[in-house]
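Take a look at the structure below.
We did not get these values from a lab; they are worked out from the coordinates using the rules stated. Because the structure is predicted, anything quoted here is derived from the model rather than measured. Here the Cβ is made from the backbone with ideal geometry for all residues, glycine too, and neighbour counts use every protein chain on show.
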Amino acid sequence: MRTKLEQIRKEAQDALEKLNVLNELDSFRIEFLGKKGKLTQILRGMGSLPPEERPKIGQLANEIRAYLEQEIERKTRQLEEAALNQRLKDEAIDVTMPGKRYYRGKLHPLSIVLNEIKDIFLGLGFEIAEGPEVELDYYNFEALNIPKNHPARDTQDTFYITENILLRTHTSPTQIRVMERQKPPIKIIVPGRVYRSDEVDATHSPIFHQVEGLVIDRNITMGDLKGTLDVFAKEMFGPRTRTQFRPHYFPFTEPSAEMDVSCASCDGVGCRVCSYTGWIEILGAGMVHPKVLMYGGIDPNEYSGFAFGMGLDRITNLKYGIDDIRLLFENDIRFLEQF
């Protein structure tokens, strides 16, 4: 048995010298020191030895076990160090090489202008409200004083999902939703995407963006509307900007108007951009119709208000001199990197 133990020591030494992979050490430990390992198998036969031989053989077996455990620990450190050195070699970085240049992303021109619009109206005390893009017919039309036979309900203009569910054609439905849950004073803007069944060309798209505005309180007048929008125009297009209001018709406001700004390209003299009129129309506005106030649960005898709606895409085109709305949706990097 002594010979067998010495043979196991020699066999284990030879096997350890050949090991060069850290993961193989577990298999080695099981093979020689495990419950069914070679050393354990020999020790199970000690019962057949004479009593006087057992202590000597047990001591030798323990010495061999301790030696093998020590050798396994030494080999582990050796292989770990070799693996670390190889990793450092493989992952070495030449600090003298030039670094890679990473380009920062930029905001889309629509986002740039929308942020400007938000900043202007937040500075005037407005809050930002949001509403669903998939809307009910009631909020999109009926509660805005648009009866069933109104041309705006024509299926050629509106994307209907069912008879009563549609993709909103403007951001105005959010007016009603805000009035239902919040009593005056109300002072909000509503930016968002809207949808209409338009052919795609330089000035039309089936998906575009609007910014709606609503103010409701006691004693709100048309003068408040004109003053607010005049401040907005000067902040957006420059302090030399002039505004004019022309009578118009919207079913949800009365009286209603369209607002023009003086052409920034010619300072109102007349050029190709403004069709030689000196003015460019940018939004529609008016005093909130009493029926709309009632739909929102607000007494028109006690409160009044004004509303306005502008096309974000149009404002962006005017601000940057873009003559084709399709450029805002095509995501051509050559176009976008100019902003």
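Working from the Cα coordinates of the chain, the gyration tensor eigenvalues give, after taking √(5λ), semi-axes of 84, 28, 18 Å in decreasing order. In this structure the amide hydrogen of residue 339, modeled in the peptide plane, comes within under 5 Å of no amide hydrogen from residues 5 or more places off or on another chain. Annotation for residue 20 and residue 337: the two label points, set 7 Å from Cα along the Cα-Cβ direction, are 5.0 nm apart. Computed over the chain with a Gaussian network model linking Cα atoms closer than 10 Å, the most mobile of 215, 190, 269 is 269.
Residue by residue, the range 130-145 carries 3J(HN,Hα) couplings of 10, x, x, 7, 8, 10, 7, 4, 4, 6, 6, 10, 4, 6, 9, 6 Hz when phi is fed to the Karplus relation 6.51 cos²θ - 1.76 cosθ + 1.60 (θ = phi - 60°); x denotes Gly or Pro. Debye-formula intensities of the range 204-339, expressed as log10 I(q)/I(0) at q = 0.18, 0.20, 0.21 Å⁻¹, are -1.04, -1.17, -1.24 (one equal scatterer per alpha-carbon, no solvent). Karplus-based coupling profile of the range 216-231, in residue order and whole Hz: 9, 6, 6, 6, 7, 10, 5, x, 5, 4, 5, x, 4, 6, 5, 4, with θ = phi - 60° in 6.51 cos²θ - 1.76 cosθ + 1.60 and x standing for Gly or Pro.
Considering only alpha-carbon pairs that sit under 8 angstrom and 6 or more positions apart, the relative contact order computed for the range 109-336 is 21 percent. The angle between the Cα long axis of helix 109-123 and the longest principal axis of the Cα atoms of the chain comes to about 70 degrees, rounded to the nearest 10. In the range 321-339, which residues have a backbone nitrogen under 18 Å from the label point lying 7 Å from residue 198's Cα in the Cα-to-Cβ direction? Under cut-off, by backbone N: 321-331. Under a straight-distance cross-link criterion of Cα-Cα below 17 Å, which lysines are reachable from residue 319, leaving out those fewer than 8 residues away in the same chain? Correct list for residue 319: 118, 234.
Summarising the label geometry, the points placed 7 Å from Cα in the beta-carbon direction at residue 69 and residue 301 lie 9.7 nm from one another.
For the chain, the antiparallel share of DSSP beta bridges with both residues in that region comes to about 95%. Highest mobility in the GNM of the chain, judged by mean-square fluctuation with C-alpha springs under 10 Å and restricted to 103, 295, 276, is found for 103. Under 5 Å from the amide H of residue 248 lie the amide H atoms of 256, 257, 258, each residue being 5 or more positions distant or on a separate chain, with H modelled from the backbone and absent for Pro and chain starts.
Extending 7 Å from the Cα toward the beta-carbon at both residue 103 and residue 7 defines two label points whose distance is 7.4 nm. Each peptide in 193-206, 76-89 receives the mean, over its residues, of other Cβ atoms within 10 Å, and ordering these scores from highest gives 193-206, 76-89.
Starting from the Cα of residue 161, step 7 Å toward the Cβ, then list every residue of the range 118-134 with an amide N under 17 Å from that point. Within reach of a label on residue 161, which here means backbone N under 17 Å from a point 7 Å along Cα→Cβ, the range 118-134 contributes 131-134.
For residue 279, the residues whose amide H sits under 5 Å from its own are 263, ignoring neighbours fewer than 5 places away on the same chain, with H placed 1.01 Å from N.
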